[in-house]
Amino acid sequence: MSRTFADAKVHTPANLEEALDFLANHANEGWKPLAGGTDALVPIYRDGAEPTTPWLNLQKLRPELRFVRRTSNGFEIGALATISDLMANRDLCETYPIVRQCCQHFASPAIRHRATVAGNLANASPASDIAPVLLALEAEIESANHAGRRFVTLDAFWTGYKATVLAPDELIVSVRIPHRDLAANASMFRKVAPRASNSIALLNCAAIGTRDSAGTWTNVRIALGCMGPVPMRARKVESAVEDHRFDDTCREEAKALLQSTLRPITDYRATAEYRMLAATNLVSAFLDRTAGNWHS
Amino acid sequence: MKIQMNVNGQERILDVPPLRRLIDILREDMGLVAAKIGCGEGECGACNVLVDGEAVSACLIPAVQIDGCRIVTLEGLATSNDDALAALHGAFLEHDASQCGACIPGIVMTCRGMFDDLRNRRPSEAEVRGLLAGHLCRCTGYEAIVRGILKWLEMKSEP
Ligand SMILES: Cc1cc2nc3c(=O)[nH]c(=O)nc-3n(C[C@@H](O)[C@@H](O)[C@H](O)COP(=O)(O)OP(=O)(O)OC[C@H]3O[C@@H](n4cnc5c(N)ncnc54)[C@H](O)[C@@H]3O)c2cc1C
Ligand code: FES
Ligand code: FES
């Protein structure tokens, strides 16, 4: 007979308002949101951990929060939208081909049907695949507690390894992609992993920008995963190439900047040296592109 | 907790602990054993079933999240004279896609879940391989399985 988890505590609010009230009234009791469960339940189901965390099951918030839509300011991704929902939104995937690129290399179809974008970001793993894409697109997190809402830019959302700015009574409500890159003519998502799908990245990279016919880059944004405790932008490299051609001087400068700002670790999946070399190569591969539309 | 769900067309009310896994409810509490437990961590797809029409891995889904849902297992397809299943069955037989068969129920459910999306277009072989990303076949019969699915889709796009 399999485990029954007879003592597990789960509460299922009927809507967002009830969820936020519940969190406000049960502060300090350790309640944690449960979305698709593809991160949250793995320690219990796979590793045999005792289910000591009381879970706030968000499933009944789906009618309110499972959406992907275009607004006048950009795209809004509801907190219960799944990776499959991103892929199914043609408008989003055609506007930003790196979203589709990333989703195709994210887990497997069955996991993508459960895994939410918000849960992935809240989980705050340095190996998240969607994080570099949303960083490059300068996404913002909209969160709420019973008293109101606030916005945090994604690069200020993570405070350290597996840590975020969210308070215990706060939920992510949506993730917003501003209309900032509509003119970009180059973008790239790359995941370095043992298999093309369903495996954790050794490192990953998302980049977007505009290159004119003379080869001059503008509005470049580059983000990397697994190169430090949180997914991060390579801001110094972005500034160095802005209004420049990616010539040999620029290439050397970019390489030196990546080496002085990234902090990859060595673990059982890859060495720090390997990660640094691969990250440098990916960034160069993007910036080496010739003019014209180039999304891959 | 009491959960209410529709399993293979029948309304069911069960009294189960909230974190009991869907795969255990199906196999142990309801005797529906077509879905298998392979890895128990979302990697192999042996446990895939349809929840509200989407193929998902039942080893990662807690009871509390299937309350009010419609579940379809391979048993349900088999007893409902599902045409898409019959065609897939035929294509798999023709290509010897099933060896020990342990991975097949999960693969069938993934294919069935994508049916509406796939029926009106001919996905490339690469896309079919992508569909199988979440499935491990220890008999390593992937080539035959891919050929079987491609054959099935060919049959599907005939009028
Ligand atoms: C087999 C397998 C393969 C995978 N492959 C990949 C991969 O290729 N790339 C990748 O990036 N990830 C991968 N993952 C992890 C990925 O599935 C998760 O990161 C997923 O996106 C998390 O979403 P969820 O809805 O399942 O979150 P949950 O597991 O429910 O929650 C994750 C965390 O987020 C918190 N949370 C959830 N929703 C909210 C909210 N609205 N507000 C505040 N906090 C919230 C929870 O409390 C929890 O701490 C894989 C997982 C599995 C099991
Ligand atoms: S048993 Fe569920 S995916 Fe392997
Ligand atoms: S046929 Fe044996 S595991 Fe796939």
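Values in this text are rule-based calculations from the coordinates and carry no lab data. Given the structure is predicted, the values throughout are model-derived calculations rather than measurements. When we count neighbours, we look across all protein chains shown, and the Cβ atoms used for this are built from the backbone with ideal geometry, even at glycine.
Numbers for the structure displayed
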| quantity | calculated |
| --- | --- |
| Inter-chain shielding of A:103-116 (mean C-beta neighbours from other protein chains, 10 Å cut-off) | 6 |
| Order of B:R138, A:R90, A:R114 - criterion: other Cβ atoms within 10 Å of each residue's Cβ, fewest first | A:R90, B:R138, A:R114 |
| Mean Cβ neighbour count within 10 Å, used as a protection proxy, ranking A:133-139, A:33-39 highest first | A:133-139, A:33-39 |
| Net dipole in debye of region B:2-78 [+1 Lys, Arg Cβ; -1 Asp, Glu Cβ; about Cα centre; nearest 20] | 80 |
| Paramagnetic label zone (point 7 Å from Cα along Cα-to-C-beta, A:A6; backbone N under 17 Å) in region A:41-62 | A:50-52 |
| Ordering of B:72-82, B:36-46 by burial proxy (mean other Cβ atoms within 10 Å per residue, highest first) | B:36-46, B:72-82 |
| Average beta carbon contacts from partner chains per residue of A:194-204, 10 Å cutoff | 2 |
| Residue among A:P229, A:N123, A:A254 farthest towards the positive dipole end of the protein assembly as shown, charges placed on Cβ | A:A254 |
| Charged-residue dipole, Cβ positions (Lys, Arg, Asp, Glu), region B:14-139 about Cα centre, Debye nearest 20 | 200 |
| Charge dipole of the protein assembly as shown about the Cα centre (unit charges at C-beta), most positive-ward option of A:A24, A:V68, A:F189 | A:F189 |
| Distance violations [Cα-Cα > 30 Å] among A:K162/B:K2; A:K9/A:K191; A:K9/A:K162; A:K32/A:K236 | A:K162/B:K2; A:K9/A:K191; A:K32/A:K236 |
| Test item: Cα-centred dipole of the protein assembly as shown, Lys/Arg +1 and Asp/Glu -1 on Cβ, debye | 460 |
| Ranking of A:F189, A:F151 by count of other Cβ atoms within 10 Å, fewest first | A:F151, A:F189 |
| Shielding by partners - mean other protein chain Cβ count within 10 Å, residues of B:127-135 | 5 |
| Rounded to 10°, Cα long-axis angle of helix B:142-157 versus longest principal axis of chain B | 80 |
| Inter-label distance, nm, simple model (7 Å from Cα along the C-beta direction), B:K2/A:R150 | 4.2 |
| Residues B:W152, A:W294, A:W31 arranged by fewest to most Cβ contacts within 10 Å | A:W294, A:W31, B:W152 |
